[in-house]
Every structure is written in C-alpha cells, then in structure tokens.
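In what follows, a structure is listed as structure tokens, so that the remarks can point back to it.
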Amino acid sequence: MTKWLVVFLLTPLLLACERQPTTSENYQWPVPEGFPKPQVPIENQMSEAKVQLGRAIFYDDNLSFNQQQSCASCHQQSLAFAENKTTSIGSTGQLHRRNSPALVNIAYNKTLTWAHDGLTTLERQILVPMFGEFPIEMGITGHDDEVLARFNTERYQLLFQSAFPDEKVSFDLIVKALASFVRSLISLQSPFDQYAYAGDDDAISDSALRGMNLFFSEKLECHHCHGGFNFTQSTSHEQQIIDRRPFHNTGLYFLSEQQGYPKEDIGLAEISTLPRDNGRFRAPTLRNIAVSAPYMHDGSIDTLSAVLDFYAAGGRNVIEGKYQGDGRNNPLKSPFIKGFEMSEQDKVDLLAFLQTLTDQSFLVDQQHADPNL
C-alpha cells in the first residue's frame, strides 16, 4: 500500500456543508499543521487559564470525598492516561466492572465512556466519576459542601479568578476546567505521524510498514473500526460532524443461557434497551495503545499479542468458568470480526506497526504532568 493511499484513508472526511462555528480561537491547540481542530461547547471555550486550573484539580486528591484519589489515580500519564489494572478501583476500594480508558485525543471523541451513546461532551461525562454512586468513584454525592470548600484556598482562588474572572468557585466551574484540561491532551507526534504526515520515510521500520499494509487491508479489516487520523470510528471535529455509530460486538463473549454478554455488563444495550445492542462497546483509539494494557472494556485480554490472536480467531471461546461460551458464534457479532490467517511474521509486523502509534513525547510532556512535582 502506497503512502498516499494510507494518508487518504486517514484524512478527515470533508463534508460539503457549512462548517460548524469554530470556538476557542485564541487558544493555541497543540495540533500539527494539516490536522483539524476539535470542536468544543460554545459555553466552555478553551483557554490556557482553564487548562491550568483543570490540570491542578486533575491531580488533586481533594476532589474525592475521602481524599484518597484524584482523577490521575486511574488516568496516569506514563500509561497514556490509563492504568495497568484490569478494572478500576474507586476511592472507597470498590472494584469496578470496566477498564479505565486512555485519555488520548478525547477532544476528538464523538461519544465518551465504553458504552453510552448519550454522553457526547466531557462536561456531562465528568459528572459520572465525580457524583456517580453505582459504582462510587470520587464519591462527592452527600459531601458536596465539604469537597467544594477544599478549593477555596488562596492558590485555587488565584487559579479560578484567572480562568473564570468574577465567578464564584463552584462544581460547574470545576467541571469546565477539568474538561478543558482533558481536551488539551492531544497526541499527534508518534513515529507513524512522522512517516504519514511529516514526510519522514525512515520514521518507521520495514516490519512496521508491512504491518501497516496488513492493518489497512481488507483481509484484516482493522481500519473499519479503528480508522481516521485518530484510529477510532468515534471521531468528531470541525470538518466532520457526521454522526457514526462506533459501537461493536466483537465476540468477546457468548453465554448461551444469557443470550449474549455477561448480565453484569451488556454494553450499549444497558442504555438503549435494544436487544441488538447487547455486547456493543465503543472502539477506542489505538494511539498509544502499546502502553495502555490490559485491553477490552473489562481488561480481560492482557497483551497486544493476545488481542491479535483474539481477532484472528474471530472472537473468543471461553472454555471454562462462569463465562464459558464461544464468542465466535455470537449472532450479534460485528460482520468485520470474521477471523483471518496470521503467520508469526504477520504478528511481528502488526505489533511493530502498533508500536509506531506510541507518542513518547505525550507520555512525558511536562505540560500534562502533575504541577506539584
């Protein structure tokens, strides 16, 4: 596959329609030339002051009711703002049912969380970990005044005044600041970007090039769910406002007695109440995927190598235990999950390609790091 064809496949779709209003015109997005800027809500335009306030709060344990966790506890920069646990653990020690997703280019996401088509803005999504009770994450509900009072210090007063002049400290402003910081987490400087967009033909190895050709081939069909410049179907930006449905059943489970996925997490069907949505989860970005193990919505696959084996098999056959069942036979499985032949060299090449999506500068960028260190 030639480089121009790869770039064509990854180039944002330009729609023949009037462009959406661009907000935050004074904010300098860390976006290379040629990439579109994210869309942001009119009522929460980007500013550097908001980003810095949000950054301080993101790393502050005071946001949890018992001061045991911050947002960064489950979203660690060195791991692409994910964590290396199968599923998350809340501030009370409660084990959650889902893996903590990486916060990579979230500003471009059309939908948020693993399986909720109604959460389309960070301002709404952030309320879930803050105030949600099933499960408890930050546990603020019932402790609202106590938690808010912790942000009335001299340090935070200065940060709030800079970000939101003449406004009183509130949870609304905290949410807006956190959303601004998370939107600033842009990762577009990987070796693959240097190869595909910056014109450096030596940026990736011959093995990675072979893996890239396999990735974009109809034999594997990876790009159907992990396409575009952000390597996910769940993408929206200033030049693409079309609404896609980025949720897929990959055949991870098929419990015949429950007619699908385990009843404790049936994916999008939990929100839509539609039987056809059983087992559908959002395809995440593959950017920085090599550092954000374990994988899948429940962290049930440990390595990228095992993920490739899973897709090559066309699903997963769980041969024993409470989830016993052959996901390969799940009738709701995506038509793109058909299975494919993969030699050992193919796997080596595919893994080499996926490694080129790691943006090392993003993982150590001090602008995203804990301001207290």
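The values are calculated or read from the model by the stated rules, or taken from the named source; none is laboratory data. For clarity, every value in this text was computed on a predicted model and none was experimentally measured. Don't worry about glycine lacking a Cβ; one is built from the backbone with ideal geometry, like all the others, and counts go over all protein chains shown. Please note that ligands, DNA and RNA were not included when accessible areas were found on the heavy atoms of the full protein model with its side chains. Shrake-Rupley method; radii C 1.70, N 1.55, O 1.52, S 1.80 Å.
Taking every protein chain into account, the accessible area of segment 272-373 amounts to 48 square angstrom per residue (probe 1.4 Å).
P(r) tail, segment 261-307: Cα-Cα pairs separated by more than 18 Å, 38% of all pairs. Amide H to amide H, with H built 1.01 Å from N, G260 comes under 5 Å of L255, counting only residues 5 or more places away or on other chains. Measuring nothing but how far apart in sequence close Cα pairs (under 8 Å, 6+ apart) lie, relative to its length, the chain scores a relative contact order of 22 percent.
I'm a student and want to see the number: the projected area of the Cα convex hull of segment 131-178, averaged over all directions, in nm².
On the way: hull surface 13.9 nm².
In nm², the orientation-averaged hull projection of segment 131-178 is 3.5.
Close amide-amide hydrogen proximity is noted between G267 and G279, each under 5 Å apart and 5 or more residues distant or on a separate chain (H modeled in the peptide plane; Pro and chain starts excluded). The GNM of the chain, with springs linking C-alpha atoms under 10 angstrom apart, assigns the highest mean-square fluctuation among L274, L159, L304 to L274.
Could you tell me how many cubic angstrom of Cα convex hull volume segment 319-373 has per residue? Walk me through the numbers before you get to the answer.
On the way: hull volume 12.8 nm³, N = 55.
Cα convex hull per residue, to the nearest whole number: 232 Å³.
Does segment 191-233 classify as rounded, prolate or oblate by the C-alpha gyration tensor (a ≥ b ≥ c root eigenvalues; a/c under 1.5 gives rounded; else a/b over b/c gives prolate, otherwise oblate)? Provide the component values of the computation, followed by the final result.
Details: a/c = 3.29, a/b = 1.43, b/c = 2.31.
Because a/c hits 1.5 or more and a/b fails to exceed b/c, segment 191-233 counts as oblate.
Find the percent of Cα-Cα distances in segment 29-123 that exceed 20 Å, and round it to a whole number. Don't skip to the answer; put the middle values down first.
Details: 2140 of 4465 pairs.
Roughly 48 percent, once rounded to a whole number.
So if the hydrodynamic radius of the chain is defined as the Kirkwood radius over C-alpha pairs, what does Stokes-Einstein give as its diffusion coefficient at 10 °C and 1.306 mPa s, in µm² per second? Walk me through the numbers before you get to the answer.
Working: Rh = 21.7 Å.
Answer, rounded: 73 µm²/s.
Charging the Cβ of each Asp and Glu at -1 and of each Lys and Arg at +1, and nothing else, the dipole of segment 134-268 about its Cα centre rounds to 140 debye. Summing Cβ point charges (Lys, Arg +1; Asp, Glu -1) relative to the Cα centre of the chain gives a dipole of roughly 700 debye.
For segment 259-351, the equivalent ellipsoid built from the Cα gyration tensor has semi-axes of 24, 16, 13 Å, listed from largest to smallest. Restricting the calculation to Cα atoms, every distinct pair contributes to the Kirkwood radius of segment 56-108, found to be 11.5 Å. Note that segment 173-188 has calculated 3J(HN,Hα) couplings of 6, 4, 5, 5, 5, 4, 4, 5, 4, 4, 5, 6, 7, 9, 10, 9 Hz, one per residue in order, obtained from phi through the Karplus relation 6.51 cos²θ - 1.76 cosθ + 1.60 (θ = phi - 60°); glycine and proline are x. Per residue, the chain reaches -7500 deg cm²/dmol at 222 nm when only DSSP H runs of four or more residues are counted, each adding -39500 (n - 2.57). Placing unit charges on the Cβ atoms of the charged side chains and taking the dipole of segment 191-318 about its Cα centre, the candidate lying farthest along the positive direction among Q233, S292, L304 is Q233.
Residues in segment 264-275 carry Karplus couplings, in order, of 6, 7, 9, x, 4, 4, 4, 8, 7, 6, 8, x Hz; the curve used is 6.51 cos²θ - 1.76 cosθ + 1.60 with θ = phi - 60°, and Gly or Pro positions show x. The phi-based Karplus calculation (6.51 cos²θ - 1.76 cosθ + 1.60; θ = phi - 60°) puts the 3J(HN,Hα) values of segment 129-141 at x, 6, 10, x, 10, 9, x, 7, 10, 7, x, 6, 3 Hz, whole numbers, x for Gly and Pro.
Of the solvent-accessible surface of the chain, computed with a 1.4 Å probe over protein heavy atoms with every protein chain present, carbon and sulfur atoms account for 52 percent. Take the Cα pairs of segment 52-207, get the Kirkwood Rh, then feed it into Stokes-Einstein at 25 °C and 0.890 mPa s and tell me D in µm²/s. In µm²/s, the coefficient rounds to 144. In the full protein context, segment 122-194 carries 46 Å² of accessible surface per residue, based on a 1.4 Å probe and ignoring ligands, DNA and RNA.
Which of the pairs K37/K110; K322/K347; K85/K263; K50/K168 have their Cα atoms more than 19 Å apart in this structure? Walk me through the numbers before you get to the answer.
On the way: K37/K110 14 Å; K322/K347 30 Å; K85/K263 22 Å; K50/K168 14 Å.
Long pairs (Cα-Cα over 19 Å): K322/K347; K85/K263.
Across the options I174, S217, A196, the greatest Cα extent toward the positive end of the charge dipole of segment 162-227 (unit charges at beta carbon of Lys, Arg, Asp, Glu) belongs to I174. Taking amide H positions as modeled 1.01 Å from N, with prolines and chain starts lacking one, the residues under 5 Å from K110 and 5 or more places away or on another chain are T235, S236. Out of E146, E270, E221, any idea which swings most in a Gaussian network model of the chain, alpha carbons joined below 10 Å? Result for the chain, Cα springs under 10 Å: E146 fluctuates most. The alpha carbons of segment 195-316 stretch over 52, 35, 26 Å along the principal axes, in descending order.
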